[in-house]
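To keep things clear, I will list the structure first and then write my remarks on it.
The values are calculated or read from the model by the stated rules, or taken from the named source; none is laboratory data. Keep in mind that this is a model prediction, so the values were computed, not measured. Note that each Cβ is placed from the backbone with ideal geometry, even for glycine, and that neighbours are counted across all protein chains shown.
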Amino acid sequence: MKRKLMLGLAIVLALSTVEVPLALALEDGAKILEQRCTVCHPSSRPKSKQKTPEQWNATVTRMMSKGAQLTPEEKQILVDYLSKTYKPE
């Protein structure tokens with residue numbers, strides 16, 4: 001009985017931390033948008049768009065080809081943030 005209780009608690013604890021990385025990634029994505037994208041244009045520009053993940057990926061890739069400085073990890077965080085926050089309704 002005690003073993004099952006401990007296993008159950010471990011599962012609940014593990015599942016409760018799944019949302020935390022997503023929340024941190026969204027926060028990081030917002031920071032990247034404000035810090036990197038506003039070098040060339042106001043943040044209101046991308047915020048006024050509604051795009052699919054594929055469209056956001058293409059947009060960020062295009063911006064990087066024009067000089068936006070992002071690591072591959074930062075690019076993924078930004079694309080994920082934009083895709084979740086500014087998506088078609």
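Of the residues making up segment 65-81, those that are assigned to a helix (DSSP H, G or I), in contact (Cβ under 8 Å) with a residue 24 or more places away in the chain and out of contact with any Phe, Trp or Tyr (no Cβ under 6 Å at 6 or more places or on another chain) are 74, 77, 78, 80, 81.
Of the residues screened, residue 19 is one that is acidic (Asp, Glu) and at pLDDT below 70.
If you go through segment 36-57 and pick out every residue that is without any contact (Cβ under 8 Å) to a residue 12 or more places away in the chain and under 15 Å from the mean Cα position of the chain (by Cα), you end up with 2. Scanning segment 49-64 for residues that are assigned to a helix (DSSP H, G or I) and among the charged types (D, E, K, R) yields a total of 2. Comparison of 89, 73, 54 shows that the only residue that is surrounded by fewer than 13 Cβ atoms within 10 Å (Cβ to Cβ) and within 15 Å of residue 27 (Cα to Cα) is 73.
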